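Shown next, in structure tokens, is the structure this report addresses.
FYI, it's all coordinate maths here, none of it is from the lab. Note that this is a predicted model, so its numbers are computed, not measured. Neighbour counts are summed over all protein chains in view; Cβ atoms, including those assigned to glycine, are modelled from backbone coordinates with ideal geometry.
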Amino acid sequence: MVISMTNRLLVMVIAFALTSGVVAHAAQAPQRPLAPITLPAASSLPMTLQTAASRISETATAAIDPSAAIRDAYQRNHVALEHLRQAASQLNGSAHPAFNQLILTDEAALTEIERTALATSRPSASGAIVAMDAVVAGAQAELERQLSQAGAAKSQTGGAKSQGGDQSGTSHGNDR
């Protein structure tokens, strides 16, 4: 019951923010239409819906208050980097500290993008948000690359161990 009410409230807030943002955008910049949102495959639909809702909310907020949209995007991307840092705990050896260093560098880049964007009298929210999203996308791609390399190394090592186990079992059988 509480979840249902929360979801309804969330839908109403998003609808209100979207409507307000579209009206404000149309009033301020009728020559620049809003960019369409495309949804990827159904396998990532929940995350895609969340991202789409976030982008709609950011677009609406950017039309009204670009500084708030930049701060919100910074917070969202900072949280995303923290999730990537937690996901990287699976990495072994020097890959884990190296990825943590990459996250620290990316966090500094996010902070610099936010400060630069907010330092102007009329900040461009869309440009700053795209730049911050690109930083997180780069970190995500690097984590996926690292995890795939670690998975490939484990599968090669696991195959060698099972072959070695079979050979040692055979040699013990011959000794008896």
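Step by step: first the residues of segment 72-105, then only those that are over 15 Å from Gly138 (Cβ atoms) and of a type in the set (D, E, K, R), then the one that is surrounded by the fewest Cβ atoms within 10 Å (Cβ to Cβ). Which residue is that?
Ranking the candidates gives Glu82 first.
Any idea which residue in segment 106-120 is surrounded by the most Cβ atoms within 10 Å (Cβ to Cβ), counting only those that are among the charged types (D, E, K, R) and more than 16 Å from Val130 (Cβ to Cβ)?
Applying the filter and picking the extreme gives Glu107.
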